Amino acid sequence: MAEEDDPLDALLETEKLVIKQEVSLLEVAAQTAANALDLDALGNLGETANRYDIFTDNGGLQFKVVETSEACGCTGCCPTGRICCNPNHALQLHVFAPEHSPKDAIMFVDRPCKCGQCCSCCSICQQEMRVYRGADDGPPGGDGDAESLIAYIHQPFMGGGFSPKLEVMEREDSEDIMFNVQSQAFCCIAGICCDHTFNVTDSEGEYMGKIVKESPENLGELAKELGTDADRFTLYVKSELDKEKKAAMLASLHLIDYMFFENEGAVNADLTPLANGSCPEISFKCCDCYCCGCVCPCSCTCGGDDGDNDEDEPAEEAPEEEPVEEAEEEEPEEEEPEEEEPEEEEPEEE
């Protein structure tokens, strides 16, 4: 009976889930003000905990995911909160099934704070996440829930090279890989022009499912993509897979979101040049370049060039002073004829 009452049974027949991140108006307002004033720190002050809605194929609400994290948390002397470390901050994600219980989570995941967007050559730079069954009843971070651990998600050494990769195991110290999650992209990731697919395969390379970060389908989704960090994902899985593996795939999807798609919107507008009578500076993030865990944004910028022309004007006045210096150097040349006077005394010797 305990197995039949397991809330994870909702994943048994699942073949497709649509995950939509909710838009935070506070984040939008803070980020808009930060872009307008060219103050990135102001945007971090408005960073809020994420919330996701998960729907089935027919559009019915299946799960709700709620993030819990500290705005200004610290571990020892190291900051781990959202304001300082977003999107690499320490967090827990709690998954609720509204039909089962609106208060008790059916699973939760824990992710420690990491140095993200850098070479994943050591543990402090390698992203990881632990997936647990049920609610987080013990200390924060799952320290008291070792027996309910479902899976351990880990970024391998060098992060898969030029293609982002995650390894999923049953336990942290296990050598048996449950499945791998790897991007189809090579070197280039993120951007809004196309879908981004991450294939899920077992240790032998057989297909188990895929995670797709969807591109905008209409103007409303395009505007949300450009101005916010709220994204839309689709998870495809084989229906015959174990519910624990499906839960681990769902957790892997959220880790991918924080690793690559949780930055601010794709368009930033700096309005400060308007105070000098110049055009605003508009920057557009085309994509992220990826290599061995390092993520480097690639963007295009236009406008805001008039200020550079004003700085060049004093440089053009410098050549006007050169004729004055030449005139001062010519004065000694007029004194040379005075030295020829002794030559006129030669007739006296005759």
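The values are calculated or read from the model by the stated rules, or taken from the named source; none is laboratory data. A quick note: this is a predicted structure, and the numbers were derived from the prediction, not measured. Methodologically, a virtual Cβ is constructed for each residue, glycine included, from the backbone with ideal geometry; neighbour enumeration extends over all protein chains shown. Note: accessible area is taken over every heavy atom of the protein model, side chains too, but ligands, DNA and RNA are not part of it. Shrake-Rupley method; radii C 1.70, N 1.55, O 1.52, S 1.80 Å.
What are the pairs, 6+ residues apart or on separate chains, where a residue within region 39-57 that is modelled with pLDDT under 75 has its Cβ under 7 Å from a residue that is part of a loop (DSSP other than H, G, I, E, B) and surrounded by 19 or more Cβ atoms within 10 Å (Cβ to Cβ)?
That search, which allows pairs on different chains as well, returns G43/E264.
Does region 145-167 include one or more residues that are at pLDDT below 85, more than 22 Å from the chain's Cα centre (by Cα) and open to solvent by less than 40 Å² (accessible area, probe 1.4 Å)?
yes
Limited to region 7-26, what total is found for residues that are over 19 Å from the mean Cα position of the chain (by Cα) and crowded, with 16+ Cβ neighbours inside 10 Å?
7
Considering region 56-103 alone, what residues qualify as being of a type in the set (D, E, K, R), closer than 21 Å to K245 by Cα and over 25 Å from the mean Cα position of the chain (by Cα)?
D57
Going through C194, C121 one at a time, which residue ends up being open to solvent by 60 Å² or more (accessible area, probe 1.4 Å), touching a residue at least 24 places away in the same chain (Cβ under 8 Å), under 20 Å from the mean Cα position of the chain (by Cα) and on the phi < 0 side of the Ramachandran plot?
C121
Return a yes/no flag: does region 97-118 have any residue that is open to solvent by 30 Å² or more (accessible area, probe 1.4 Å), closer than 19 Å to Q21 by Cβ and modelled with pLDDT of 90 or more.
No, there is no match, as no residue in region 97-118 is open to solvent by 30 Å² or more (accessible area, probe 1.4 Å), closer than 19 Å to Q21 by Cβ and modelled with pLDDT of 90 or more.
When region 27-63 is examined, which residues are found to be in contact with a Gly (Cβ under 7 Å, 6 or more places away or on another chain) and buried (at least 16 other Cβ atoms within 10 Å of the Cβ)?
Within region 27-63, E27, V28, A30, Q31, A34 qualify.
So which residues in region 67-82 are out of contact with any Gly (no Cβ under 9 Å at 6 or more places or on another chain) and open to solvent by 30 Å² or more (accessible area, probe 1.4 Å), if there are any at all?
T68, T75, G76, C77, C78
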